[in-house]
Every structure is written in C-alpha cells, then in structure tokens.
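See structure below.
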Amino acid sequence: MLEAAIERLFDGPPAEFGPEHFALFERFKEALNSGAARAAEPDAASPAGWRVNGWVKKGILLGFRMGSLVDMSIHPARQPWFDKSTYPVKRLSVESGVRVVPGGSSIRDGCYVARGVTCMPPMYINVGAWVGEGTMIDSHALVGSCAQVGRKCHVSAAAQIGGVLEPVGALPVIIEDEVLVGGNCGVYEGTVVKRRAVLGTGTILTRSTPVYDLVRGEVYSGAGDSPLVIPEGAVVVAGARAVGKGPGKDWGISVYTPVIVKYRDEKTDARIQLEDLLR
C-alpha cells in the first residue's frame, strides 16, 4: 500500500536512496498529480469539515530529501533555473484541459490541477496543492504547498493562499467551492474558507486573527488545534477594531481585523457572475 510504504521510508530513511525508493516516489507523485492523494480531504465527522493526511505531507518532504540540485534552465543566461531533481515543472498538454496563458507562470510537479482551470500570468502553484475544476488563478497569485482550492473559485490578482507543509499534522489552508478571493488577499496558517464565501480586496485571514460577524453577532478565531473557519456564504472585508485599554486607547489607535458585513445574496451573485466571462 502506498501510504504504508511512504510512512516506512519517511520514518526510517536509508543511508542512501536507491532505485526502488525513487520508483516509490514517482508512484506517489502520480497519485498527487491525478488527485488520488491529497494533503487534506473533506471529512463530515470533523468540526471544520476537513481532515489532514499527514502521510501525504511526509511523501512531499521525502521528495526534498531524495532530490539533488540540478540545472533546469530554459536558457543558462536568460532564464536560469536550479531546483531539486524530484520536483521539475508539472507536465501538461492540450489534453489536460488546463489553460495556461503565456507569460511566466509555473506549476510544480506533484500537484493536482483539474480540467478547466485557468492560469493567468504570472502565477505559481506549489507541490501538494489541489485546484478544482473551473477555478481561475489570476496574475501574481500564489497557491502554496498543500493548499486545497475547490471548484469554480477565483483567486484574484496578487492573492496569496499560504502553504502549510510542516508540521505534517497541521491542516493546510482550505478554500472550498465557489469562493471569491479578492485582489491582494492573504489566507494563511490554519484557515478554512467555506463554500461560496467572498473575501473583499485586501482581506487577511490567519488562525490567530479574530473575525467579527456583524450579521450574527459572533466572533470567530482558531483555538487550540482548531482552524479559523469562515462561514459559508460570508462576505468578509478588511476592517479595524479600536484598542480598548492602555496607551493605544488614549492615542485612538485601531488594529486590523476582518469583518463579515453580510452574507451572499442575489446582488452579490450577479456581480460575481461576471467572472465567468473570463474563463
């Protein structure tokens, strides 16, 4: 079984990796590329709706251990590339059904990119990521290692979907289906954005940053091992909250906080519908 073999090799690496180990790693990468293995997957029994697959993260880390630094340059002077031999650029063809617009984008081997995904230049998808059908990764956007992005999402220009590779037990960033991530947003460390949510331009989400829900009168944040969970259909914008004590209060200082100002409605849907014209 692939999972058990990866676990054994990770926990007891040999003094030198042999052909059988590289063959195992290639099988593992095929599973990543096909979507059969993923760093996290839906789990209705989990409070956040997702569970982490630590063995997949171990397999990805094995690739960095096993690989040697090689020259991958397109041109030695104009575009030099030097990276681990185990992680070349992902191989795509017209039959893959992925639209990669010319202009400097890069997709690393060992990630799942579904049919109908559009990649606007320059953008980057790292190893272990999972990107669902019909999603657009816009210019200067990053999908980090092991991040999970659902179907029909739009990761807008300069948005950052953070990678969480270590520790292996940590849940990576999750963006569920039909989410709009606005320009210059950052979604990091232990955050789950539920389906059909909208993140307004410049919204920053981390597990430790409280999110104030003005509609429901609640405050959301990660606690212990639990991630920050943005509710389904929430419309989140960048906001501020006043410092309540000490010099900050005296000086009238406010600190950044995300704010849920409403939940998706027909007006929001009509506005987002325009995104389909770009696909």
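Structure notes:
- Antiparallel %, DSSP beta bridges [both residues in the chain], to 5: 40
- Neighbour net charge for Asp83 - beta-carbon separation under 12 angstrom, K R +1, D E -1: 0
- In the chain, the calculated helix contribution to ellipticity at 222 nm averages -5500 deg cm²/dmol per residue, counting -39,500 (n - 2.57) for every DSSP H run with n ≥ 4.
- Packing around the peptides 168-178, 225-235, taken as the average count of other Cβ atoms within 10 Å per residue, puts them in this order, highest first: 168-178, 225-235.
- Tilt relative to the chain, helix 19-34 - C-alpha long axis, 0 to 90 degrees, to 10: 40
- Cut-off 10 Å between beta-carbons: net charge of the residues surrounding Glu133, Lys and Arg +1, Asp and Glu -1: +2
- Between the residues Leu228, Gly67, Val131, the greatest Cα displacement towards the positive end of the dipole of the chain, with unit charges on the Cβ of Lys, Arg, Asp and Glu, is found for Leu228.
- Taken about its Cα centre, the chain carries a charge dipole of roughly 460 debye when the Cβ of each Lys and Arg holds +1 and the Cβ of each Asp and Glu holds -1.
- Of Lys90/Lys262; Lys90/Lys267; Lys152/Lys262; Lys90/Lys152; Lys194/Lys249, pairs whose Cα-Cα distance is over 28 Å: Lys90/Lys262; Lys90/Lys267; Lys194/Lys249
- With a cut-off of 13 Å between beta carbons, the residues surrounding Val255 carry a summed charge of +3, where Lys and Arg count +1 and Asp and Glu -1.
- Whole-number D in µm²/s for segment 7-124 (Stokes-Einstein; Kirkwood sum over Cα pairs; 4 °C, 1.567 mPa s): 80
- Working ranking of peptides 194-206, 147-159 by packing, defined as the average number of other Cβ atoms within 10 Å per residue, highest first, is 147-159, 194-206.
- Dipole of the chain [Lys/Arg +1, Asp/Glu -1 at C-beta], most positive-end residue of Leu92, Trp55, Thr203: Thr203
Read-outs throughout are calculated quantities, based only on the coordinates presented, and are distinct from any laboratory measurement. Fair warning: this is a prediction, and the values are worked out from it, not measured in the lab. Methodologically, a virtual Cβ is constructed for each residue, glycine included, from the backbone with ideal geometry; neighbour enumeration extends over all protein chains shown.
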